[in-house]
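Structure, as structure tokens:
Read-outs throughout are calculated quantities, based only on the coordinates presented, and are distinct from any laboratory measurement. Values in this document were obtained by computation on a predicted structure and should not be read as measured data. Here the Cβ positions follow ideal geometry from the backbone for every residue, glycine too, while neighbour counts run over all protein chains shown.
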Amino acid sequence: MRRAILILTPYLWLFALFLIPFLIVLKISLSDAALAIPPYAPQLDLAGGWSAIKDFFAGLDFENFEFLTTDDLYWKAYLSSFKIALISTALALLIGYPIAYSMARAAPEWRPTLLMLVILPFWTSFLIRVYAWMGILSNEGLLNQFLLWTGLIAEPLTILNTNYAVYIGIVYTYLPFMILPIYSALEKMDDSLLEAAEDLGCSRTSAFWLITIPLSKTGITAGCFLVFIPTLGEFVIPSLLGGSQTLMIGKVLWEEFFNNRDWPVASAVAIILLLILIIPIILFQRNEQKQREMEG
């Protein structure tokens, strides 16, 4: 009974907080826009019995998904979001791995302090931190004032309302999600493996690439997923730091829901976005499971 409860608990959690909302959004995506509250039809009325359920399914169609293929805005937004998320994840990895490696190699008494410094930004509101970057990156902001003071530039740089500001905001915001999994993997690594490799003739650089990187693969993968997944659907950062030329699917989704009030099309956009995120994760998990079975 205890085992059944332990197994059932996460499935109930997924059912209540993932599957049910997913089915609701899927139902809306198969409906038609209407001047009503909520602004879509048909609506499923369980009080009407089986006839109401049959009428509901009879009125469903895939016109909203077909509409996404006819307008260039949506696939361009998906591609732009994918590019921004991919570059941001790569930048977070390039910055986060050395930090995590330094933390794991630091003296044990310093590690809790370093870990607290990484987590410290979470003590401040996410929105306040993004607004702070608006002040830093503006033409009269601290960054331009510092560069002008040092003489590196003769006139203020235009950083705010560009993709560069979006990359800075995303990397800054999600960097802890990259550092923490990598640090956890590196901290558990057995240092005797590196000593054995050096005794066998490996240089420190070769030992790092042949032993440290492969053993931290799980942390790297987890960190990349934790950064890439929320970045792909990010809305706040591109809206506040990016300009009108910054196209991301999160902004398109918000505009469809609140400006156009076209909930069916917005739900179709959300369903496609969710499938884009879920399918690679499932394929990766199956590949990892096969590798563990082969190693076992």
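Among the GluC sites (Glu not before Pro) in the stretch 128-222, those placed in a DSSP loop whose Cβ has at most 12 other Cβ atoms within 10 Å are 140. Spatially, the stretch 11-43 and the stretch 218-289 are offset by 18 Å when compared through their Cα centroids. The alpha-carbon of residue 54 sits under 16 angstrom from the alpha-carbons of these lysines, leaving out residues fewer than 8 places away in its chain: 27. Applying both filters, DSSP loop and at most 14 other Cβ atoms within 10 Å, to the GluC sites (Glu not before Pro) of the stretch 39-128 gives 109.
At full extension, residue 129 and residue 283 could sit 51.9 nm farther apart than now, given 0.36 nm per residue minus the alpha carbon distance. Return the single residue from 232, 277, 44 with maximal mean-square fluctuation; model: Gaussian network over the chain, springs between Cα atoms under 10 Å. Maximum fluctuation in the GNM of the chain, among the listed residues, is at 44. Across the stretch 72-261, the relative contact order, built from alpha-carbon pairs under 8 Å that are at least six residues apart, equals 35 percent.
When the chain is treated as a GNM with alpha-carbon contacts under 10 Å, the residue of 237, 182, 53 showing the greatest mean-square fluctuation is 53. For the pair the stretch 119-182 and the stretch 83-104, the centres of their Cα atoms are 16 angstrom apart.
Only helical runs count toward this figure. For the chain, summing -39,500 (n - 2.57) over DSSP H runs of n ≥ 4 and dividing by all residues gives -22000 deg cm²/dmol at 222 nm.
Which of the aspartates and glutamates could a cross-linker span from residue 83 if the Cα-Cα distance has to be under 17 Å and same-chain partners fewer than 8 positions apart are dropped? Straight-distance partners of residue 83: 72, 234.
I want the local charge near residue 240. Using Cβ-Cβ distances under 12 Å, sum +1 for each Lys or Arg and -1 for each Asp or Glu among the other residues.
On the way: positive: 129, 251; negative: 234.
Around residue 240, the charge tally is +1.
Counting only whole DSSP H helices of the chain, the ones at least 20 Å long by C-alpha along their axis and with mean Kyte-Doolittle hydropathy no lower than 0.0 are 72-105, 163-187, 217-232, 263-295.
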